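Reading through the structure tokens given below for one structure.
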Amino acid sequence: MKLFFKSIYLNDRIYFATALIIVLFVVSHFFPIVYPLAKYGLILILVLTFVDFMMLYASSKFQLKASRDTPERLSNGDINEIYISLKNNYSFGINVEIIDEIPFQFQKRDFGINLSIKSGKESKVNYKLRPVKRGEYIFGKLNIFVSTKISFVTKRFIFNEGQNTAVYPSFIQMRKYELLAISNNLKDAGIKKVRRISNNSEFEQIKEYVSGDDFRTINWKATARRSKLMVNQYQDEKSQQVYSIIDMGRTMKMPFRELSLLDYAINAALVISNIAIKKHDKAGLLTFSKNVHSIVPASNKPAHINNILEVLYKQKTDFLESNHEMLFVTVKRKIRQRSLLLYYTNFEGLSSLNRQINFLKRLAK
């Protein structure tokens, strides 16, 4: 219930005490001995309410400071932490209830955090959000309700009105696998097979033979010149093109564990593109449905991953059937160099797969 103006609220405790006094007045009609107890009880409630009100409102207007630390970007499909910082400038301890108006997309109607803060102390709390759709999210008011130990009156503070943030493809997963790739620990996570079927490598240098080197790499000409065994050292081929091709058609809108298949594909494409660039290969992107939505030429520049991230952020399905013939023609015309194509799609059944299998075979060539 609001009293006087919008920042003042009466708590349940005062309603309970008032109801008790009313009962005592009713009882005193039949038992007069109870009347003094009811009268002095009413006076006590009025005095405590006045004292509570003065404690909350008599001092400076900067009794409480609070702020919401919202990232500029949230990671889609991941747990994101939102931090709230508070400082109590009152000369006494306070009870605080935090009600943050989080974006409607999360559909949280029972959000609330309760804590106590001593005089002059700071406190930092956090809560977690897991978005499942890309796009703009708007945080509303940060409502802080403050009460004293008496808890008859509550004062409302409002901070951080109308903060905007964007939900991007999963950059948290991107950073996670980037660290594994840089440390060459992908195989420890079960992501990379140790056994390698082929040996696509390019010459790096000639070095002196040491125990364990493959004798098939002995360089006999260098051995004759140096009068000791010399071997060729090779490294994995670099600057290879890796294209992520994402189907934006109707079937990719199918949900799975709250996210759509399209968002899973976008998150995976971002992770693989980032790893390709970190491993000195070139990453590219192509999205399509009935028509081509976007093409990002392959590159290995450090800033290229941001270009891919921005393009992926804006991708939306148009609920149309995907044109695989058009995809084949586009790939043949736009991607002239030998490249690894990673194709993200979804077929509803074998019959739909068989209709497109010829185009997929031609892409593989």
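The values are calculated or read from the model by the stated rules, or taken from the named source; none is laboratory data. On a predicted model such as this, the values are computed, not experimentally measured, just so you know. No Cβ is skipped: glycine too gets one built from the backbone with ideal geometry, and neighbour counts run over all protein chains shown. Ligands, DNA and RNA are stripped out before the accessible areas are found, and what is left, the full protein with its side chains, is counted by its heavy atoms. Shrake-Rupley method; radii C 1.70, N 1.55, O 1.52, S 1.80 Å.
Just name the residue that is nearest to the chain's Cα centre (by Cα) out of those in region 21-38 that are aromatic (Phe, Trp, Tyr) and assigned to a helix (DSSP H, G or I). Outline the logic, then answer.
Residues of region 21-38 aromatic (Phe, Trp, Tyr): 25, 30-31, 35.
Next, only the ones that are assigned to a helix (DSSP H, G or I) stay: 25, 30, 35.
Details: Phe25: 58, Phe30: 65, Tyr35: 62 Å.
The selected residue is Phe25.
Can you pull out every residue in region 276-293 that is part of a helix (DSSP H, G or I) and farther than 13 Å from Ile308 by Cα? Write out each step before concluding.
Within region 276-293, the first condition is being part of a helix (DSSP H, G or I), and the residues that meet it are 276-278.
Hit for region 276-293 is Lys278, nothing else.
Which of the following residues is among the hydrophobic types (A, V, I, L, M, F, W, C) and either open to solvent by 30 Å² or more (accessible area, probe 1.4 Å) or within 18 Å of Met252 (Cβ to Cβ) (or both): Ile305, Ile295, Ile335?
Values: Ile305 fails: either open to solvent by 30 Å² or more (accessible area, probe 1.4 Å) or within 18 Å of Met252 (Cβ to Cβ) (or both); Ile335 fails: either open to solvent by 30 Å² or more (accessible area, probe 1.4 Å) or within 18 Å of Met252 (Cβ to Cβ) (or both).
Going through Ile305, Ile295, Ile335 in turn, the sole match is Ile295.
When you check Lys278 against the structure, is it open to solvent by 60 Å² or more (accessible area, probe 1.4 Å) and touching an Asp or Glu at 6+ places or on another chain (Cβ under 8 Å), yes or no?
yes
Among the numbered conditions (1) open to solvent by less than 40 Å² (accessible area, probe 1.4 Å); (2) farther than 26 Å from Gly77 by Cα; (3) among the hydroxyl-bearing types (Ser, Thr, Tyr), tell me where Tyr344 comes up short.
(2)
Among the residues of region 1-38, how many are at pLDDT below 80, of a type outside the set (S, T, N, Q) and open to solvent by less than 100 Å² (accessible area, probe 1.4 Å)?
Of the residues in that region, 4 qualify.
Please report, ordered by residue number, the strands (runs of 3 or more DSSP E) entirely within region 39-116 with at least 1 residues that are open to solvent by less than 70 Å² (accessible area, probe 1.4 Å) and in contact with a Gly (Cβ under 7 Å, 6 or more places away or on another chain).
Values: elements: 64-69, 73-75, 80-88, 94-100.
Strands (runs of 3 or more DSSP E) meeting the threshold: 80-88, 94-100.
Of the conditions (1) in contact with a helix residue (DSSP H, G or I) (Cβ under 8 Å, 6 or more places away or on another chain); (2) assigned to a loop (DSSP other than H, G, I, E, B); (3) closer than 22 Å to Pro169 by Cβ; (4) not basic (Lys, Arg), Asp318 clears all except one; give me its number.
Just one mismatch for Asp318, condition (1).
It is to be established whether one or more residues within region 257-272 are assigned to a helix (DSSP H, G or I), open to solvent by 20 Å² or more (accessible area, probe 1.4 Å) and of a type in the set (Ser, Thr, Tyr).
yes
Can you tell me which residues in region 321-362 are acidic (Asp, Glu) and assigned to a helix (DSSP H, G or I)?
Step one: of region 321-362, the residues acidic (Asp, Glu) are 321, 325, 348.
Listed by number, the list holds a single entry, Glu325.
What are the pairs, 6+ residues apart or on separate chains, where a residue within region 15-37 that is on the phi > 0 side of the Ramachandran plot has its Cβ under 7 Å from a residue that is open to solvent by less than 90 Å² (accessible area, probe 1.4 Å) and not in a helix (DSSP H, G or I)?
Note: no pairs meet the criteria.
So that you can scan it fast, the table gives a plain yes or no per residue for (1) at pLDDT below 85; (2) under 19 Å from the mean Cα position of the chain (by Cα); (3) closer than 17 Å to Asn88 by Cβ:
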| site | (1), (2), (3) |
| --- | --- |
| Leu115 | no, no, yes |
| Lys124 | no, no, yes |
| Lys128 | no, yes, no |
| Asn143 | no, no, yes |
| Ser147 | no, no, yes |
| Arg156 | no, no, yes |
| Tyr177 | yes, yes, no |
| Leu186 | yes, no, no |
| Lys192 | yes, no, no |
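Pairs needed: first member in region 202-222, modelled with pLDDT of 85 or more and surrounded by 10 or more Cβ atoms within 10 Å (Cβ to Cβ); second member anywhere, in a loop (DSSP other than H, G, I, E, B) and not polar (S, T, N, Q); C-beta distance under 6 Å; at least 6 residues apart or different chains.
Qualifying pairs under 6 Å: Tyr209/Leu229.
For region 290-323, give me each residue that is within 24 Å of Asn358 (Cβ to Cβ) and either of a type outside the set (Lys, Arg) or modelled with pLDDT of 90 or more (or both). Give the derivation first.
Let us first name the residues in region 290-323 that are within 24 Å of Asn358 (Cβ to Cβ), namely 290-293, 295, 320-323.
Within region 290-323, Asn291, Val292, His293, Ile295, Leu320, Glu321, Ser322, Asn323 qualify.
Does Gly284 satisfy the condition of being at pLDDT below 90, among the small types (Gly, Ala, Ser) and surrounded by 20 or more Cβ atoms within 10 Å (Cβ to Cβ)?
Numbers: at pLDDT below 90: no; among the small types (Gly, Ala, Ser): yes; surrounded by 20 or more Cβ atoms within 10 Å (Cβ to Cβ): yes.
The answer is no for Gly284.
Here are some conditions: (1) under 24 Å from Met54 (Cβ atoms); (2) open to solvent by less than 30 Å² (accessible area, probe 1.4 Å); (3) among the polar types (S, T, N, Q). Ser119 meets all but one. Which one does it not meet?
(2)
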